[in-house]
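Asker: So that we are looking at the same thing, I have put the structure below in structure tokens.
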Amino acid sequence: MESMEARAVLKTARISPRKVKIVLDLIRGKDYELALATVKHTPKAASEYLEKLLKSAAANAENNHNMDKNNLYVAECFVCPGPIMKRIMPRAQGRAYRILKRTSHITVVLKERV
């Protein structure tokens with residue numbers, strides 16, 4: 001029997017995937033409560049997005065799949081690059097340098113411990 005999974009996806013978050021990956025590596029495979037505490041006390045910009053995402057995935061697990069919140073763990077979490085916004089920065093002698101404002105698609109999957 002395949003275990004149920006609850007997922008939450010955040011599309012086009014205005015943060016670089018590289019920055020998100022650092023925090024995702026901290027919570028991968030951990031229990032839900034421990035992952036949430038880790039994210040809350042990690043001083044990174046991605047923590048704000050991930051805290052909300054973890055809570056959303058837990059709510060999906062409880063309300064949509066009738067899973068027990070106390071038995072949840074982070075089964076999968078990954079980040080993919082989203083669309084890149086191109087901006088221009090004026091430089092000396094009439095030149096223009098390109099600035100890439102990167103975005104991320106973040107996915108968190110919670111499963112129930114058996």
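Any read-out appearing in this document is the output of simple, stated calculations on the displayed coordinates, not a laboratory observation. Values in this document were obtained by computation on a predicted structure and should not be read as measured data. For neighbour counting, all protein chains shown are included, and Cβ atoms are generated from backbone atoms with ideal geometry for every residue, glycine included.
Asker: What's the local net charge at Lys11, with K and R +1, D and E -1, over the other residues with C-beta under 15 Å away? Provide the component values of the computation, followed by the final result.
Answerer: On the way: positive: Arg7, Arg14, Lys52, Arg102; negative: none.
Summing Lys/Arg as +1 and Asp/Glu as -1 gives +4.
Asker: Relative contact order (percent) for the stretch 5-112, with alpha-carbon contacts under 8 angstrom and 6 or more residues of separation?
Answerer: Normalised by residue count, the contact order of the stretch 5-112 is 42 percent.
Asker: Calculate the spin-label point distance for Lys21 paired with Arg87, positioning each point 7 Å from the Cα along the beta-carbon direction, and give it in nanometres.
Answerer: Simple spin-label model gives 2.3 nm for this pair.
Asker: Over the stretch 5-112, with a single point scatterer placed on each C-alpha, what log10 of the ratio I(q)/I(0) does the Debye formula yield at q = 0.10, 0.13 1/Å?
Answerer: Evaluating at q = 0.10, 0.13 Å⁻¹ gives log10 I(q)/I(0) of -0.34, -0.50.
Asker: Still on this model: Find, to one decimal place in angstroms, the Kirkwood hydrodynamic radius of the stretch 29-75, where the mean of 1/r is taken over every pair of different Cα atoms and then inverted.
Answerer: 10.9 Å
Asker: When the chain is treated as a GNM, springs tying every alpha-carbon pair under 10 Å, which of Pro90, Pro43, Pro81 comes out with the largest mean-square fluctuation?
Answerer: Checking each option, the largest mean-square fluctuation is seen for Pro90.
Asker: Mind listing P(r) for the stretch 1-52? All alpha-carbon pairs, 5 Å bins, whole percents.
Answerer: Histogram of Cα-Cα distances, whole percents per bin: 4, 18, 30, 24, 14, 6, 4, 1.
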